[in-house]
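Note sheet for the following structure.
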2 protein chains.
Amino acid sequence: MKVVTAIAELKSIIKNSKNEGETIGLVPTMGYLHEGHLTLASTAKRENDLVVMSIFVNPTQFGPNEDFESYPRDLDRDCKLANSVGVDVIFAPSVEEMYPTDGGISIRAGRQSEILCGASRPGHFDGVLQVVSKLFNIVEPTTAYFGQKDAQQVAIIQTLVRDFNFPLEIRTVPIVREEDGLAKSSRNVYLSKQHRQEAPAIYEALQIAKEHFLATREVKEAVALATNHIEKKTSGRIDYLQFLSYPDLSDIKEDTEQFLLATAVYIGTTRLIDNIIFALKGETKNV
Amino acid sequence: MKVVTAIAELKSIIKNSKNEGETIGLVPTMGYLHEGHLTLASTAKRENDLVVMSIFVNPTQFGPNEDFESYPRDLDRDCKLANSVGVDVIFAPSVEEMYPTDGGISIRAGRQSEILCGASRPGHFDGVLQVVSKLFNIVEPTTAYFGQKDAQQVAIIQTLVRDFNFPLEIRTVPIVREEDGLAKSSRNVYLSKQHRQEAPAIYEALQIAKEHFLATREVKEAVALATNHIEKKTSGRIDYLQFLSYPDLSDIKEDTEQFLLATAVYIGTTRLIDNIIFALKGETKNV
């Protein structure tokens, strides 16, 4: 496995790979890898000749009061883990390598970014689209792999690829969970022992809401049950807990066929997100 | 020469060409071709195995009171002209083919777009960057060819390619002029006979300003002389006439080495643009 920090060196590797007619899988990450990332990488490895994993804590997707500086980083450990699942190239550029110039051009993520996580993180998805566009253009992947955990991110990136004709496929890989159901996250290391014990209630709440909705089609009741569960089982504060159509992220309607049930909860000062995407045949009511 | 209207068909041609290891030159145009466009195409032909010319009057770069509907179109004539200079593929999509969906993601051209033509055409360069990004992603060219006549456009597109790492080169091709010096433009057909006779004074004025500046380094005097020439020789109204550094399009300074002297003039209701890009060794003063 190669570890590359310079764009020019990476592009030379990519060029050779393309000249050989190889397929390239890109796994964009911010590092501090957990099993979720490794599942993305091993999926990419099964489906491609060359797997490039980027490890870059992208400053432009963090707000001024967010955890950019303190975001956990451990490149040595990440390299060992990535190597163990067959990653061929780690691309770990510095901020200066990724953003040496700023000519003032920006991407705005638009209406899909104004809800869910975007409501409390203005500019976050603009930064995501900026770095993802750059990575797509640098790596020129056949397929790029993203985790369903960041469902809103995946939906917005799918819109980017569709509306701007990026010549690649997006693959969404299911959420990887701890044994007790908590979605794996680099931010889980922030949790105290007590908070860690409370955290599985988030996924439990989503399951309760989904089941109630499937049985009754009652959105408000389903949301109330889930909210109640989180409030009873945790010391946390709910940022949002919401049903939307997926992947367009608009309000659900009579004819919605695929649903995103997503939540963000502050447990202590740590903001955890989780979601379920599910399909439905038949009628919905009282939405 | 093939004429293609569907993105999928074009991508299949591109894929075959790439599989053969061919280089691809892209010449983006809005059609109604003149010698300027044909010079772009013949330059592309000299330097590439496959030349794709897009002909697309892009609605997103026209303001609500601009000439999108009336912009001159003649695809049959364009195809004959393109064929005569060796274009291999004309890509002439419908608006629906280029913009079937709108997920709300936008590109903003930023500070380089707020001056010169951008000052009177808000959103124009945002639309240019949108369509150019899409064309880059659809055609995946080795090199894309743009005319120096739209110097601000070229500068902004160079910023896009640099800051977003598009895997291609931009080639800027010099302005092609009529015998009397008027820059070739699809919009020249709008000019009445009298206005056509006045129009060469625009380029004359730029030359006067450049020569005065080179001789004296006096920017204000140079602009005044050029303004006076246009006002005396035409019935037109100057939108702007300005020295800037190139390609960053910032105000010129002591250490500026390359200059853009650009103007836009309304002759009757037709807005004509022209420019000179020139280098300078030595000191500038009174800027």
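The values are calculated or read from the model by the stated rules, or taken from the named source; none is laboratory data. Fair warning: this is a prediction, and the values are worked out from it, not measured in the lab. As a convention, Cβ positions derive from the backbone with ideal geometry for all residues, glycine included, and neighbour counts pool all protein chains shown.
Laid out as a table, the results:
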{"quantity": "Subset of segment A:48-62 [outside any loop (DSSP other than H, G, I, E, B), more than 14 Å from every other protein chain (Cβ to nearest Cβ) and not hydrophobic (A, V, I, L, M, F, W, C)]", "calculated": "A:Pro59, A:Gln61"}
{"quantity": "Enumeration of residues in segment B:137-178 that are among the hydroxyl-bearing types (Ser, Thr, Tyr) and farther than 20 Å from B:Arg111 by Cβ", "calculated": "B:Thr142, B:Thr143, B:Tyr145, B:Thr172"}
{"quantity": "Every residue from segment B:70-112 that is facing chain A (nearest Cβ under 8 Å) and on the phi > 0 side of the Ramachandran plot", "calculated": "B:Gly104, B:Gly110"}
{"quantity": "Matching option when the condition is without any contact (Cβ under 8 Å) to a residue 24 or more places away in the chain and assigned by TED's automatic domain parsing to the domain that holds B:Glu35, among B:Glu140, B:Glu114, B:Glu97", "calculated": "B:Glu114"}
{"quantity": "Criterion violated by B:Arg171 - all others in (1) touching a Leu at 6+ places or on another chain (Cβ under 7 Å); (2) modelled with pLDDT of 95 or more; (3) not aliphatic (A, V, I, L, M) satisfied", "calculated": "(1)"}
{"quantity": "Unique match (being at pLDDT 95 or above, within 14 Å of another protein chain (Cβ to nearest Cβ), under 15 Å from the mean Cα position of the chain (by Cα) and surrounded by fewer than 23 Cβ atoms within 10 Å (Cβ to Cβ)) among A:Gln148, A:Gln152, A:Gln158", "calculated": "A:Gln158"}
{"quantity": "Selection status of A:Asn58, within 17 Å of A:Met1 (Cα to Cα), surrounded by 14 or more Cβ atoms within 10 Å (Cβ to Cβ) and in contact with a Gly (Cβ under 9 Å, 6 or more places away or on another chain)", "calculated": "no"}
{"quantity": "Candidates A:Leu244, A:Leu225, A:Leu260, A:Leu249 - the one that is touching a helix residue (DSSP H, G or I) at 6+ places or on another chain (Cβ under 6 Å) and assigned to a strand (DSSP E or B)", "calculated": "A:Leu260"}
{"quantity": "Residues that are assigned to a helix (DSSP H, G or I), of a type outside the set (Lys, Arg) and over 20 Å from A:Asp78 (Cβ atoms), drawn from segment A:1-47", "calculated": "A:Ala8, A:Ser12, A:Ile14, A:Asn16, A:Ser17, A:Asn19, A:Glu47"}
{"quantity": "Residue selected from segment A:113-127 under the condition more than 11 Å from chain B (Cβ to nearest Cβ), under 20 Å from A:Ser250 (Cα atoms) and out of contact with any strand residue (DSSP E or B) (no Cβ under 8 Å at 6 or more places or on another chain), by the criterion surrounded by the most Cβ atoms within 10 Å (Cβ to Cβ)", "calculated": "A:Gly118"}
{"quantity": "Residue within segment B:72-85 that is part of a strand (DSSP E or B) and modelled with pLDDT of 95 or more present", "calculated": "no"}
{"quantity": "Residue count, segment A:4-21 (criterion: more than 13 Å from chain B (Cβ to nearest Cβ) and either closer than 21 Å to A:Phe146 by Cα or in contact with a Pro (Cβ under 9 Å, 6 or more places away or on another chain) (or both))", "calculated": "2"}
{"quantity": "Every pair of residues 6+ apart whose Cβ atoms lie under 6 Å, when the first sits in segment A:68-85 and is free of Cβ contacts under 8 Å to residues at least 24 places away in the same chain while the second is part of a helix (DSSP H, G or I)", "calculated": "A:Phe68/A:Pro59"}
{"quantity": "Index of the failed condition, B:Ser235 passing every other in (1) assigned to a helix (DSSP H, G or I); (2) away from chain A (no Cβ under 14 Å); (3) surrounded by fewer than 17 Cβ atoms within 10 Å (Cβ to Cβ)", "calculated": "(1)"}
{"quantity": "Positions within segment B:272-281 being in contact with a strand residue (DSSP E or B) (Cβ under 6 Å, 6 or more places away or on another chain) and touching a residue at least 40 places away in the same chain (Cβ under 8 Å), in sequence order", "calculated": "B:Leu272, B:Ile273, B:Asp274, B:Asn275, B:Ile276, B:Ile277, B:Phe278"}
{"quantity": "A:Pro141, sole failed condition from (1) within 13 Å of chain B (Cβ to nearest Cβ); (2) of a type outside the set (Phe, Trp, Tyr); (3) assigned to a helix (DSSP H, G or I)", "calculated": "(3)"}
{"quantity": "Residue in segment A:206-215 that is without any contact (Cβ under 8 Å) to a residue 12 or more places away in the chain and assigned to a helix (DSSP H, G or I) present", "calculated": "yes"}
{"quantity": "Residue in segment A:189-196 that is within 30 Å of A:Phe56 (Cβ to Cβ), modelled with pLDDT under 95 and exposed (fewer than 14 other Cβ atoms within 10 Å of the Cβ) present", "calculated": "yes"}
{"quantity": "Test: A:Ile252 is farther than 28 Å from A:Pro93 by Cα, of a type in the set (A, V, I, L, M, F, W, C), more than 14 Å from chain B (Cβ to nearest Cβ) and in contact with a Gly (Cβ under 7 Å, 6 or more places away or on another chain)", "calculated": "no"}
{"quantity": "Single unsatisfied condition, B:Gly127 versus (1) part of a loop (DSSP other than H, G, I, E, B); (2) within 26 Å of B:Thr101 (Cα to Cα)", "calculated": "(1)"}
{"quantity": "Close pairs from segment A:163-190: first away from chain B (no Cβ under 14 Å) and under 30 Å from B:Phe166 (Cβ atoms), partner surrounded by fewer than 19 Cβ atoms within 10 Å (Cβ to Cβ) and acidic (Asp, Glu), Cβ under 8 Å, at least 6 apart", "calculated": "A:Arg171/A:Glu47"}
